[in-house]
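The values are calculated or read from the model by the stated rules, or taken from the named source; none is laboratory data. Fair warning: this is a prediction, and the values are worked out from it, not measured in the lab. Counting neighbours? That spans all protein chains shown, and the Cβs are built from the backbone with ideal geometry, glycine included.
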Amino acid sequence: MGKKISRRGFFKVAGATALTTAVAGPTLWVRNASAQRKSVSLLVNSHFVPHFNQELERQSAEWGKARGVDTRVDVIAERDLGAKLASEAEGRAGHDIVVLRWMEAPVYQPSLVPMDDLVQELERGLGTFPEMARYVCRIRGRWASLPWRYDSGVAAINTEHWGKIGLSADAVGNLTWDQFIDAAAKLHANGTPVGVAISESFDSTHFCFELLWSHGAKVADDKGNITINTKETAAAIEVAKRLYKFMPPDVLAWDEASNNRAMLAGTCSWSINPPSIWAVAKRDKLPVADKLDHVAVPAGPAGRFRTAAPYSLGVWNFSPNVDAAKDLLRFLMQKENFLKQVEASGGYNQPYLAGHRGAPIYQRERALRHYEPPKETVHAWGWPAPASSATGIMISLFIIPTMFSKAVSGEMTTEKAIAWAERQVTRIYRG
């Protein structure tokens, strides 16, 4: 059995995994700030809908102008963000505000300013943060970071292809996995297969967790007990093996862009993705744009689930500008500003707070009607395992997608693939 991975060990993993690989150092876009005035800096990841980053910069500058503070928004490539966060936390120097993804708030909690006061203020005016936000951001009784937004793994479909086998978008969104596989066989025969990554990618993470949960399977329980080696996990893998027969064989090597390309080219009929595929098709006026829609992922014996990738905002406790940084966060979370962020993201960013719901884009764009608000049960990746660095490592090392890939490809039997995953997860959680 391997050595337990510590928080410091996570920093090392962060620089080496697909979640946080730094290829040749961080890739930053920087707006210069005056050295004569107080300044607040914000580090965020490059958004899949670039206009969102522009809107964030605009709002930050608006806040700064009103308060006589210079602002700087640094946009870093997604692949570089984890290594950059680790470097700033270890060196206790860097930005004032940082975006935190998935399980990064628990990892960096010792280096973050508690957000209890700001959370309470926002909840008084905008409603209570839901369980998912608490799961990721409330650590050991304190709010380590401010829940900001999330995106989720909904099913993107080409309605023209589904119409040819007699199914409307609403009908597709009501299928069970067994019914879906029957439909996938017909779509494959028509030359328009379904396709989702079964590989080391975050699209695959969406797919695998949704499939597991819908069969009642979980990697670990809320106490951290490893629970992956069950008949429910085996049943989920068997569904993936059946479905794979009707997908392009190279889904075993797909990355985050592969399904986007296939859907935009009109050669794929279904995939799991937030609405960036639709947003790009609409922006670029592609022929497929009017054929794209979003529906719920198929249901299993335990129900219909959707995964979420949560994002929060943290303030380093070594920042010299804590009060100003928290005031900027307060400004960004004002309803008017948050709704503009949603609009700029093409609906990609989903709100936690009831007071942030109702963005016009969700009423205006028919293709987003099933994306927000979700009709499925939504959980963050890793749920219900404790929000911790261990869960973050399990996700960043793609243990679950790799388990599915080993079984689907025939490299291992279902039973051996599950046993392999159990060993990896046990090493991470228990040492």
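Scanning the stretch 182-194 for residues that are assigned to a helix (DSSP H, G or I) and within 14 Å of VAL297 (Cα to Cα) yields ALA183, ALA184. Here ALA35, ALA83 are screened, and the one residue that is modelled with pLDDT under 95 and either in a strand (DSSP E or B) or farther than 26 Å from ALA324 by Cβ (or both) is ALA83. Filtering the stretch 265-324 to residues that are out of contact with any Phe, Trp or Tyr (no Cβ under 9 Å at 6 or more places or on another chain), surrounded by fewer than 17 Cβ atoms within 10 Å (Cβ to Cβ) and under 30 Å from ASP96 (Cα atoms) leaves ASN317, PHE318, PRO320, ASP323.
Do we find a residue being buried (at least 24 other Cβ atoms within 10 Å of the Cβ) and touching a Cys at 6+ places or on another chain (Cβ under 9 Å) anywhere in the stretch 209-216? Looking for residues that are buried (at least 24 other Cβ atoms within 10 Å of the Cβ) and touching a Cys at 6+ places or on another chain (Cβ under 9 Å), one finds none in the stretch 209-216, hence no.
Only one of the numbered conditions (1) under 30 Å from ARG364 (Cα atoms); (2) touching a helix residue (DSSP H, G or I) at 6+ places or on another chain (Cβ under 6 Å); (3) assigned to a loop (DSSP other than H, G, I, E, B) is violated by ALA197, and that is (1).
Scanning the stretch 355-391 for residues that are over 26 Å from ALA299 (Cα atoms) and touching a helix residue (DSSP H, G or I) at 6+ places or on another chain (Cβ under 9 Å) yields GLY355, HIS356, GLY358, ALA359, PRO360, ILE361, SER388, SER389, ALA390.
The rows are residues; the columns are (1) surrounded by fewer than 17 Cβ atoms within 10 Å (Cβ to Cβ); (2) closer than 27 Å to PRO386 by Cα.
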site: SER41; (1), (2): no, no
site: PHE48; (1), (2): no, no
site: HIS51; (1), (2): yes, no
site: GLN54; (1), (2): yes, no
site: ASP70; (1), (2): no, no
site: VAL99; (1), (2): no, yes
site: LEU112; (1), (2): no, yes
site: GLU123; (1), (2): yes, yes
site: ALA133; (1), (2): no, yes
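Between VAL75, VAL107, VAL99, the distinction of being among the hydrophobic types (A, V, I, L, M, F, W, C), touching a residue at least 40 places away in the same chain (Cβ under 8 Å) and touching an Asp or Glu at 6+ places or on another chain (Cβ under 9 Å) belongs to VAL75 only.
Residue count for the stretch 219-244, restricted to those that are more than 26 Å from ALA184 (Cα to Cα) and of a type outside the set (A, V, I, L, M, F, W, C): 8. Considering the stretch 217-238 alone, what residues qualify as being part of a helix (DSSP H, G or I) and crowded, with 22+ Cβ neighbours inside 10 Å? Hits for the stretch 217-238 are THR233, ALA236, ILE237. Of the residues making up the stretch 126-171, those that are in a loop (DSSP other than H, G, I, E, B), closer than 30 Å to VAL196 by Cα and either within 22 Å of the chain's Cα centre (by Cα) or not aliphatic (A, V, I, L, M) (or both) are PRO130, GLY153, VAL154, LYS164, GLY166, SER168. Screening the candidates ASP255, ASP250 for the property of being over 21 Å from LEU286 (Cβ atoms) and either surrounded by fewer than 19 Cβ atoms within 10 Å (Cβ to Cβ) or touching a strand residue (DSSP E or B) at 6+ places or on another chain (Cβ under 6 Å) (or both) yields one hit, ASP250. Of the residues ALA380, ALA421, ALA417, ALA407, the single one that is buried (at least 16 other Cβ atoms within 10 Å of the Cβ) and under 20 Å from the mean Cα position of the chain (by Cα) is ALA380. Name the single residue, out of those in the stretch 250-304 being under 17 Å from the mean Cα position of the chain (by Cα) and assigned to a strand (DSSP E or B), that is farthest from ASP203 (Cα to Cα). Going through the qualifying residues, I end up with HIS294.
With the structure loaded, tell me whether ALA220 is in contact with a helix residue (DSSP H, G or I) (Cβ under 8 Å, 6 or more places away or on another chain) and either farther than 30 Å from VAL288 by Cα or in the same structural domain as VAL288 (by TED's automatic domain parsing) (or both) or whether it fails that test. Yes.
Six or more apart or on different chains, Cβ under 7 Å: which pairs go from a residue in the stretch 247-259 that's assigned by TED's automatic domain parsing to the domain that holds SER409 to one that's of a type in the set (Asp, Glu)? Could you list them? Cβ pairs passing all conditions: GLU256/ASP203; ASN259/ASP203.
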